[in-house]
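Participant: Dumping the structure here so I can ask a few things about it.
We did not get these values from a lab; they are worked out from the coordinates using the rules stated. All values derive from a computational prediction rather than experimental measurement. Neighbour counts are summed over all protein chains in view; Cβ atoms, including those assigned to glycine, are modelled from backbone coordinates with ideal geometry.
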Amino acid sequence: MSNKISCDAHDYFEIVCMRRSLIKVKTKDNKIYHGRAADLKLVQKQEYLQIDDGIHIQKILISEVTTLEALGNSISQHNFTITWQ
C-alpha cells in the first residue's frame, strides 16, 4: 500500500488548512471526520491532516483519505468535494 498522494491532491489539503475551512473527511475504512482543518504534520515520513472538532485534534493519515469536502466557506467557490480511489 502506497503512502504517497499526488501533488494535486496535496494542494487541496494545503488549501483547506490555509483557509481553516470546515471540512468533512472520509477514509478508506469508511470513517468520517468533521471539523476545522488545522494543519498538516509530517511524522516519521508520513503526513497527517489535523482536524479540530471543537473538543479534540484528530490526526488522519492523508494517504488514507478517499473524500475531502470543504463546507460552509463564505465564498461559494471555496466549497468543494474531491474524491480519490
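Participant: Does residue 56 satisfy the condition of being more than 9 Å from the chain's Cα centre (by Cα), closer than 24 Å to residue 7 by Cβ and loosely packed, with under 15 Cβ neighbours inside 10 Å? Write out each step before concluding.
Facilitator: Numbers: more than 9 Å from the chain's Cα centre (by Cα): yes; closer than 24 Å to residue 7 by Cβ: no; loosely packed, with under 15 Cβ neighbours inside 10 Å: yes.
For residue 56, the condition - more than 9 Å from the chain's Cα centre (by Cα), closer than 24 Å to residue 7 by Cβ and loosely packed, with under 15 Cβ neighbours inside 10 Å - is not met.
Participant: So, of the residues in the stretch 72-83 that are in contact (Cβ under 8 Å) with a residue 12 or more places away in the chain and loosely packed, with under 14 Cβ neighbours inside 10 Å, which turns out to be nearest to residue 38 (Cα to Cα)?
Facilitator: Looking at residues that are in contact (Cβ under 8 Å) with a residue 12 or more places away in the chain and loosely packed, with under 14 Cβ neighbours inside 10 Å, I get 72.
Participant: Can I ask one more? If I ask for residues that are without any contact (Cβ under 8 Å) to a residue 24 or more places away in the chain and outside any loop (DSSP other than H, G, I, E, B), which ones from the stretch 1-12 would you list?
Facilitator: 7, 8, 11
Participant: Could you run through the stretch 31-51 and say how many residues are more than 17 Å from residue 21 (Cβ to Cβ) and surrounded by fewer than 11 Cβ atoms within 10 Å (Cβ to Cβ)?
Facilitator: Matching residues across the stretch 31-51 total 4.
Participant: (1) over 14 Å from the mean Cα position of the chain (by Cα); (2) free of Cβ contacts under 8 Å to residues at least 40 places away in the same chain: which one isn't true of residue 64, the others all being true?
Facilitator: Of everything listed in (1) over 14 Å from the mean Cα position of the chain (by Cα); (2) free of Cβ contacts under 8 Å to residues at least 40 places away in the same chain, residue 64 misses just condition (1).
Participant: Within the stretch 36-59, how many residues are more than 18 Å from residue 14 (Cβ to Cβ) and in contact with a Ser or Thr (Cβ under 9 Å, 6 or more places away or on another chain)?
Facilitator: Residues flagged as more than 18 Å from residue 14 (Cβ to Cβ) and in contact with a Ser or Thr (Cβ under 9 Å, 6 or more places away or on another chain) within the stretch 36-59 amount to 0.
Participant: Next question. Give the number of residues within the stretch 68-85 that are closer than 14 Å to residue 21 by Cβ, assigned to a strand (DSSP E or B) and out of contact with any Leu (no Cβ under 7 Å at 6 or more places or on another chain).
Facilitator: We begin by selecting, within the stretch 68-85, every residue closer than 14 Å to residue 21 by Cβ; these are 68-82.
Applying the additional criterion that residues be assigned to a strand (DSSP E or B) yields 68-71, 80-82.
Among the residues that remain, those that are also out of contact with any Leu (no Cβ under 7 Å at 6 or more places or on another chain) are: 68-70, 80-81.
Here the count works out to 5.
Participant: Which of the residues belonging to the stretch 47-67 are among the β-branched types (Val, Ile, Thr) and either out of contact with any Lys or Arg (no Cβ under 8 Å at 6 or more places or on another chain) or part of a loop (DSSP other than H, G, I, E, B) (or both)? Before the answer, list the steps.
Facilitator: Initially, the stretch 47-67 is screened for residues among the β-branched types (Val, Ile, Thr), giving 51, 55, 57, 60, 62, 65-67.
Result: 55, 57, 60, 62.
Participant: Could you list, in sequence order, all residues of the stretch 13-46 that are among the aliphatic types (A, V, I, L, M) and either in a strand (DSSP E or B) or under 18 Å from residue 83 (Cα atoms) (or both)?
Facilitator: Keep residues of the stretch 13-46 that are among the aliphatic types (A, V, I, L, M), which gives 15-16, 18, 22-23, 25, 32, 37-38, 40, 42-43.
Listed by number, the residues that qualify are 15, 16, 22, 23, 25, 32, 37, 38, 40, 42, 43.
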